[in-house]
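The values are calculated or read from the model by the stated rules, or taken from the named source; none is laboratory data. Because the structure is predicted, anything quoted here is derived from the model rather than measured. FYI the Cβ positions are ideal-geometry reconstructions off the backbone, even for glycines, and counts take in every protein chain you see.
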Amino acid sequence: MSLWNVLVSIFWFMLLFAWIWLLIAILSDIFRDHELSGWGKALWTLFIIVLPWLGALVYLIARGPSMNERARAQAERNDQAFRSYVRESAGTPSTADELAKLADLRDRGAISTQDYEQAKAKVLGHERPAAATPQTDQQATPTT
């Protein structure tokens, strides 16, 4: 076998591979389209199978621009589903967990009582105005 024959064989193999890839892309686009009726899908599929070169060329001319839009929409749906799955799997801490962490920080002196009260109000879902919260424990208790 000469080098020329090997190169021609590689060329035809790559052409066949590209053709199969194109058919898969077109068929997946046909069945991904929700606006196309069942009969339309059947006719396009039949056209692609019976007259493959002509069918693929006509499909790409007629419906090619919207192929990208459908692929993008599918990718966005997949991305949203993945993000939703990650959010559900990671879980969000409960209100009790958040309050326990805040109390621990306050007890260790990492945050002030005022910061604790503001964060607690935020966790519980009702913001308190800054002027209404006591500055420190000493100011909140009366002195004699």
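Descriptive notes on the structure:
Condition check ((1) under 17 Å from the mean Cα position of the chain (by Cα); (2) part of a helix (DSSP H, G or I); (3) not β-branched (Val, Ile, Thr)) across all residues:
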{"residue": "ALA56", "(1), (2), (3)": "no, yes, yes"}
{"residue": "ILE61", "(1), (2), (3)": "no, yes, no"}
{"residue": "SER66", "(1), (2), (3)": "no, yes, yes"}
{"residue": "ARG72", "(1), (2), (3)": "yes, yes, yes"}
{"residue": "ASN78", "(1), (2), (3)": "yes, yes, yes"}
{"residue": "ARG87", "(1), (2), (3)": "yes, yes, yes"}
{"residue": "ASP97", "(1), (2), (3)": "no, yes, yes"}
{"residue": "ALA103", "(1), (2), (3)": "no, yes, yes"}
{"residue": "GLU117", "(1), (2), (3)": "no, yes, yes"}
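- For region 61-105, a residue qualifies if it is touching a residue at least 12 places away in the same chain (Cβ under 8 Å) and either surrounded by fewer than 10 Cβ atoms within 10 Å (Cβ to Cβ) or within 30 Å of LYS120 (Cα to Cα) (or both), and the qualifying residues are THR95, GLU98, LEU99, LEU102, ALA103.
- Subset of region 42-57 [modelled with pLDDT of 90 or more and loosely packed, with under 15 Cβ neighbours inside 10 Å]: ALA42, LEU43, LEU46, ILE49, VAL50, LEU51, LEU54, LEU57
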